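Undergrad: Please read through the structure below; I'll follow up with questions.
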Amino acid sequence: MNKKVIATTSLAGCFGCHMSFLDIDERILDLVELVEFNKSPIDDIKVFTKRVDIGIIEGGCCNTENIEVLKSFRENCDVLVSLGECAIMGGLPALRNGIPIEECLREAYLDGPTVSENKEGILPNDEELPMLLDNVYPCHEIVKIDYFLPGCAPRADLIWDALVALVTGDEMNLPYEVVKFD
Amino acid sequence: MKDKILEITSKYGDDRGRLMDILIDIHDLKGYVDDANIEVLSEKLGISIAEVNETVSFYHFFTKTPKAEFNIYLNDSITSNLRGRTRVKEAFELACDATFEGKSEDGMFGLYNTSCIGMNDQDPAAIINDVVFTNLTPYRVKQLIKALKDGKSLQEATYESTGDGKNSDPDLKSMVFNNIRKGMMLLNKDYERFEVVGKILAENSPEDIIKTVEDSNLRGRGGAGFPTGLKWRFGRRVEGEHKIIICNADEGEPGTFKDRVMLTEFPDLVFEGMVIAAYATGADIGLLYLRFEYRYMYNYLSLVLEEMREKGYLGKNIAGIMDFNFDIRIQLGAGAYVCGEESALIESLEGKRGEPRDKPPFPVEKGYMNFPTIVNNVETLASTVKILKHGADWFNTFGTKDSLGTKLLSVSGDCRFPGIYEVEWGTSIREVIEMAGAEDVQAVQVGGPSGVLVSVKDVDHLGGTELMKWYKPSGMMVAQKTYDRKLSYSDLPTGGSIIIFNNKRDLLKEVVMNFMDFFIEESCGSCSTCRNLPYIMKQKLQKILDGHGVRQDIDDLLSWGKVIKVSRCGLGQTAANPILSSILNFRHLYEEYVQAMTDYDNTFDLEKSVEAANKFVGRKTVFHHS
Amino acid sequence: MDQTIKFTIDGTIVTTQKGLTIVEAAKDNGIYIPTLCNFEGAKPKGCCRMCTIKINSRYMTACTTPAADGMEIESNTEEITDIRKSIIELLFVSGNHFCPACEKSGNCELQALAYKYQMLVPRFPFIFPQKGIDASSPRLMKEQNRCIACKRCIKTIKDEEGRNYFAYKNRGYALEVILDPELGKDIPEDLAKLAMENCPVGSIIYKEKGFDEPIGSRKFDKTPIGSEIEV
């Protein structure tokens, strides 16, 4: 049987969803029998090298780099999964939505209580940096997303069940204990 | 100021139930109500500040910010927009040196948008300090504002011309026009004032009266179509220390203005209907709930009531009938469409926010102050007078089998003769179009909450499921293929609002969007569905109109529209109808907008989304790739 | 006189005493009809529409409608279930319900209903409103972006004279529930705690309290909402 190809990424997230992924523990050995990883922080492959079956996205989109990566996932993957609250609804970073971006930047770099060494009032504007978006966007408001796995972080069992279902094509169970938003 | 506020509250017996009147009086006194006033009210009426605010913040014409000397409320209905509102609005802004939803610097003029004020046949119209100005043009606006700046009073500015019929009555003196184009039983002049109350009542028992109204098959003219005789029979049967007759004159359905004309031309007929209803049901308290927009009629109507008291047609032992005691008070609303719904209207009468009640219990069981309450429309009550005068059989010679009698239609929009048409039930849309002299018609909006036909045989289980079956409102936009549909309870029920649109109109951008804004503004907000869905659906429609729509968006709108049907009241249940009925009858307009080549479009605009941050950090937006 | 009445819910025959609402009667018979704004002991007011059922092909709210003899009620049909799920999703997108940062997470009834109806992602676009937080009371915080306007606080939190601590403000899409500025200043401790308890979501927060129960032991971590009713 051909192994399914998986890619993962973390956009505006905290890598907690990836940590939870690793929480499938010894089942990761079974997983390696079923799938191979392409672009992913797990194997440190930086660019897509082949067509991918399943792309897993952690985090929402807060800057232009997130958008670019998400779009490249959509182009290179047959199926995209939003993993975790941030990918699904913006999550913690999206608490800034509705607050003008100027105010956010001012708080972070100029006036905030933790700002101590920015007497010249420098704001990050190097052209190497990604540009900041006006809002933090859920992934499905940028590209089409096929499946959603909620949680902060999603339970390892949920991730495992979902992966098995996607790889085998079987229907997925959603036991009460594993579908949680926190 | 505190003394004056206390004077007002004591005038109304420090009664929390009269909060509407108290607030209206405070607004008359100083133009607005401030936190200090509210604190006094809270103390005096024994409710918290937040509760007083609940009522204040609900109504369009109550405000906590100081008002200007002249407050101009310009009608924002669709008919106003069709007839050049944009230019009139600009003219006001220019002449007053102010922008809408704000005041001029000198505090002389305040400019505000307002939902339909019932002047659709003479739009654009505005209310300025309770005085109505109709048929506005940029020129007239300029003249008007100049006159006011020159120190003329509003009255002086209007009295140059008064409207037709009783609008020129010295007690009314309004520049509003009746525009009665076709009259039948209600609008003809052979009405002999107070004949029914003065003579016929005494000759009949309450049972006889109810029987006659039942035999006439009269159904509620507000739109829901509940059999009037049946309602009165329920009312008669329920026990109560007091019983209440309410005349619903809160016609807020955009495009309806028939009640305004009835109250102008035949207020006596309407009040007489209330007295009949009181006699039939055994009621002792009468309330006319008059929408704030019609306040210019308040004194005129009060004088009619005064005359009736003098003649013994109101008060004790009316018309010589022993122990028949009944009087009528006029209660003003304060700008809320939802108060046209009978239970919301009752809440408002009790001084609260106009939030519809859950049914059951129906008002006829527990209404105003929990007393049995019969709520009838202006036109319905007027009809009962004619029925008692001429008999049920005579009434049954008008109309069709399931819809007997006549209907007042308020016709406006793109036609040569907007105004009031009294027609027999069974008249087709095509006939209405021809009567109104409309050409090149694209669509007709037949609006308003309305009913479906259900058997009326079983009157026995009061408050049971029989009553519930009746309350099923709908409104719709009619396309050409359906012009032969007939206005009737079984085919095309209506409260009488007919708005005609010609082929030059953009139905989606101009009409549907305007209606959605109306529902978003006028929802009471209590139901999760009606509070949120109209807003979300409007955003979706905007997405389609912006060219970002995909086919799925149309399907989404249809399926989301189903969810809103579980809302409590007619407003909520129909709040998505502008979108739903336009998809139903004008789907091709939507199809033209949606993209054929893609099934996903998120409207996300990358360049626009980085604009603000880049500007703030002083960075140029440069993308190195597509 | 015999006050027993008989009716059906999804074909199951249930009996009850006259005078109960459909929600109450169903509960007595071990049938759970989901509610949010309904609160035991307070007068029902169908605000959230969660308990929508169908009688005679008409939508009614089970929390306000008295049970009547012979009623045939549809509750757990595909249609009604989807409507209820839509309502949950609607409430999620119309506020800022970011569960991981909410004091009420795990004990929140809106969240619990989302679990029960297996909401993975709302079908509606997120609105991300910014309605602000009122922290002026020394004991309470009112987080407006989490409020679902269910009226439970309005109906149940009153002072000795019967005055309401909470009330609606504005109408339509702009509707909010506010805490009375004066009464809120010295709301007694027990009443403030009760306000937080009665709030089905995390909109009313007793200050300096929160996150004191470990994940796993909170009300809805392991048991779905309504399972205490269902037989």
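Laboratory data are not the source of any read-out in this text; all were calculated from the coordinates shown. None of the values given here were measured: they were computed from a predicted structure. Positions of Cβ are backbone-derived with ideal geometry, glycine not excepted, and every protein chain shown enters the neighbour counts.
Undergrad: For chain B, give the magnitude of the charge dipole about the Cα centre (Cβ charges: +1 Lys/Arg, -1 Asp/Glu; no others), in debye to the nearest 20. Write down the numbers at each step before the final one.
TA: Values: 75 positive and 92 negative charges, 175 e Å.
Dipole about the Cα centre, nearest 20: 840 debye.
Undergrad: So how strong a dipole does the stretch C:4-76 carry about its Cα centre when Lys and Arg Cβ are +1 and Asp and Glu Cβ are -1, to the nearest 20 debye?
TA: The dipole of the stretch C:4-76 has a size of about 260 debye.
Undergrad: Over the stretch B:213-349, what is the relative contact order in percent, taking alpha-carbon pairs closer than 8 angstrom and at least six residues apart?
TA: Working: 185 pairs, mean separation 33.9, N = 137.
Worked out over the stretch B:213-349, it gives 25 percent.
Undergrad: From the alpha carbon gyration tensor of the protein assembly as shown, can you work out the equivalent ellipsoid semi-axes (sqrt of 5 times each eigenvalue) and give them in Å, largest to smallest? Write down the numbers at each step before the final one.
TA: Values: eigenvalues 562, 222, 175 Å².
Semi-axes, largest first: 53, 33, 30 Å.
Undergrad: Compute the Rg to Rh ratio over the stretch B:1-128 from the alpha carbon atoms, using the Kirkwood formula for Rh, and round to two decimal places.
TA: On the way: Rg = 16.9 Å, Rh = 16.0 Å.
Rg divided by Rh gives 1.06.
Undergrad: By count of other Cβ within 10 Å, fewest leading, how are B:Lys152, C:Lys193 ordered? Mind showing how you got there, number by number?
TA: On the way: B:Lys152 12, C:Lys193 16.
Least to most surrounded, the residues fall as B:Lys152, C:Lys193.
Undergrad: Just going by the charge dipole of chain B, with Lys and Arg at +1 and Asp and Glu at -1 on Cβ, which of B:Val238, B:Phe92, B:Ser48 is farthest out on the positive end?
TA: B:Phe92
Undergrad: To the nearest 10 degrees, how steep is helix B:513-522 against the longest Cα principal axis of chain B, on a 0 to 90 scale?
TA: 60
Undergrad: Follow-up. With only alpha-carbon pairs counted, each pair once and no self-pairs, how large is the Kirkwood hydrodynamic radius of the stretch B:182-394 in angstroms? Write out the running numbers ahead of the final one.
TA: Details: mean 1/r = 0.0592 Å⁻¹.
One over the average 1/r among Cα pairs gives 16.9 Å for the stretch B:182-394.
Undergrad: On to the next question. Summarise the partner chain shielding of B:561-567 as one whole number: the mean count of Cβ atoms from other chains within 10 Å of each residue's Cβ. Intermediate values should be presented prior to the final figure.
TA: Working: counts 0, 4, 12, 4, 4, 15, 4.
Shielding by partners across B:561-567 averages 6.
Undergrad: Something else: Indicate the gyration tensor shape class of the stretch C:119-178 (rounded, prolate or oblate), computed on the Cα atoms with a ≥ b ≥ c the square roots of the eigenvalues: a/c under 1.5 is rounded; otherwise a/b larger than b/c is prolate and the rest oblate. Intermediate values should be presented prior to the final figure.
TA: Numbers: a/c = 2.24, a/b = 1.90, b/c = 1.18.
Because a/c hits 1.5 or more and a/b exceeds b/c, the stretch C:119-178 counts as prolate.
Undergrad: If you don't mind, there's one more thing I want to ask. Given C:Met50, C:Pro188, A:Asn63, which one lies farthest toward the positive end of the charge dipole of the protein assembly as shown, if we put +1 on the Cβ of every Lys and Arg and -1 on the Cβ of every Asp and Glu?
TA: In the protein assembly as shown, that residue is C:Met50.
Undergrad: How many partner chain Cβ atoms sit within 10 Å of a residue's Cβ in peptide B:193-206, on average, as a whole number?
TA: Details: counts 0, 0, 0, 0, 0, 0, 0, 0, 0, 0, 0, 0, 0, 0.
Taking all residues of B:193-206 together, the mean is 0.
Undergrad: Related question: Remind me, relative contact order of the stretch B:52-183 in percent, using alpha carbon pairs under 8 angstrom and six or more residues apart? If you can, show how the numbers build up before the last one.
TA: On the way: 210 pairs, mean separation 29.3, N = 132.
The normalised contact order for the stretch B:52-183 reaches 22 percent.
Undergrad: Another question, if that's okay. Averaged over B:601-610, how many beta carbons belonging to a partner chain fall within 10 Å of each residue's beta carbon? Don't skip to the answer; put the middle values down first.
TA: Details: counts 1, 8, 2, 8, 1, 7, 2, 2, 11, 9.
Mean inter-chain Cβ contacts per residue within 10 Å come to 5.
Undergrad: Work out the P(r) tail for chain C: percent of alpha carbon pairs separated by more than 23 Å, whole number.
TA: 52
Undergrad: At a threshold of 8 angstrom on Cα-Cα distance, excluding pairs fewer than six apart, so keeping six or more, what relative contact order does the stretch A:4-178 reach in percent? Show your work: numbers first, answer last.
TA: Working: 296 pairs, mean separation 47.7, N = 175.
The normalised contact order for the stretch A:4-178 reaches 27 percent.
Undergrad: Can you classify the stretch C:82-138 as rounded, prolate or oblate using the Cα gyration tensor, where a ≥ b ≥ c are the square roots of its eigenvalues, rounded means a/c under 1.5, and otherwise it's prolate if a/b beats b/c and oblate if not?
TA: Values: a/c = 2.51, a/b = 1.53, b/c = 1.64.
Oblate, because a/c is 1.5 or more while a/b does not exceed b/c.
Undergrad: How large is log10 I(q)/I(0) at q = 0.17, 0.19, 0.28 Å⁻¹ when the Debye formula is applied to the Cα atoms of the stretch B:2-56, each weighted equally and without solvent?
TA: -0.41, -0.52, -1.27
Undergrad: Taking the Cβ of each residue in A:Ser10, B:Ser528 as the centre, tally the other Cβ atoms inside 10 Å and list the residues starting with the fewest. Present the calculation step by step, with values, prior to reporting the outcome.
TA: Details: A:Ser10 22, B:Ser528 28.
Going from least to most buried by this count: A:Ser10, B:Ser528.
Undergrad: Using a Gaussian network model of chain A whose springs link C-alpha atoms within less than 10 Å, name the residue from A:Lys119, A:Lys144, A:Lys71 with the highest mean-square fluctuation.
TA: Among A:Lys119, A:Lys144, A:Lys71, the largest GNM mean-square fluctuation belongs to A:Lys119.
Undergrad: Which value in Å is the Kirkwood Rh of the stretch B:506-626 over different Cα pairs?
TA: Working: mean 1/r = 0.0626 Å⁻¹.
So the Kirkwood estimate lands at 16.0 Å.
Undergrad: Choose one of B:Leu288, A:Pro113, A:Ile24: the residue whose Cα lies farthest towards the positive end of the charge dipole of the protein assembly as shown (beta-carbon charges +1 Lys, Arg; -1 Asp, Glu; about the Cα centre).
TA: Highest projection toward the positive end goes to B:Leu288.
Undergrad: What is the angle, in °, between the Cα long axis of helix B:378-390 and the longest principal axis of the Cα atoms in chain B? Nearest 10 is fine, range 0 to 90.
TA: 30
Undergrad: Please give the calculated 222 nm ellipticity per residue for the protein assembly as shown, where each DSSP H segment of at least 4 residues contributes -39500 (n - 2.57) and the sum is spread over every residue; nearest 500 deg cm²/dmol? Could the numbers behind the result be given before it?
TA: Numbers: 36 runs with 339 residues, N = 1039.
For the protein assembly as shown, the value works out to -9500 deg cm²/dmol.
Undergrad: Debye calculation, C-alpha points only, no solvent: report log10 I(q)/I(0) for the stretch B:70-161 at q = 0.15, 0.18 Å⁻¹, in the same order as the q values.
TA: Results for the stretch B:70-161 at q = 0.15, 0.18 Å⁻¹ read -0.48, -0.71.
Undergrad: While we're looking at this one, here's another question. Filter the cross-link list C:Lys45/C:Lys85; A:Lys4/A:Lys144; C:Lys85/C:Lys209 down to pairs whose alpha-carbon distance in this structure exceeds 25 Å. Each step should come with its number before you reach the end.
TA: Numbers: C:Lys45/C:Lys85 20 Å; A:Lys4/A:Lys144 21 Å; C:Lys85/C:Lys209 31 Å.
In this structure, C:Lys85/C:Lys209 lie more than 25 Å apart at Cα.
Undergrad: Could you tell me the extents of chain B's C-alpha atoms along the three principal axes, largest first, rounded to whole Å?
TA: 92, 60, 47
Undergrad: Dividing the alpha-carbon Rg of the stretch A:4-178 by 2.2 N^0.38 Å yields what?
TA: Working: Rg = 17.9 Å, N = 175, 2.2 N^0.38 = 15.7 Å.
It is 1.14.
Undergrad: Follow-up. May I ask you to sort B:Tyr489, B:Tyr421 by Cβ crowding, counting other Cβ atoms within 10 Å and putting the fewest first? Could you put the intermediate results ahead of the total?
TA: Working: B:Tyr489 22, B:Tyr421 27.
Ranked by crowding around the Cβ, least crowded first: B:Tyr489, B:Tyr421.
Undergrad: Then there's this: If the cut-off is a Cα-Cα distance under 29 Å, which lysines reach B:Lys152, setting aside same-chain residues fewer than 8 apart in sequence?
TA: Leaving aside lysines fewer than 8 places away in the same chain, those within reach of B:Lys152 are B:Lys4, B:Lys30, B:Lys64, B:Lys67, B:Lys89, B:Lys103, B:Lys142, B:Lys166, B:Lys173.
Undergrad: Among the trypsin sites (Lys or Arg not before Pro) in the stretch C:1-88, which ones are in a DSSP loop with at most 10 other Cβ atoms within 10 Å of the Cβ? Mind listing them?
TA: Numbers: sites: C:Lys6, C:Lys18, C:Lys27, C:Lys45, C:Arg49, C:Lys54, C:Arg58, C:Arg84, C:Lys85; in loops: C:Lys18, C:Lys45, C:Arg49.
Sites meeting the loop and neighbour criteria: none at all.
Undergrad: Something else: Please get the size of the charge dipole for the stretch B:2-56, origin at its Cα centre, with Cβ charges of +1 on Lys and Arg and -1 on Asp and Glu, quoted in debye to the nearest 20. Intermediate values should be presented prior to the final figure.
TA: Working: 7 positive and 13 negative charges, 24 e Å.
Dipole magnitude for the stretch B:2-56 comes out near 120 debye.
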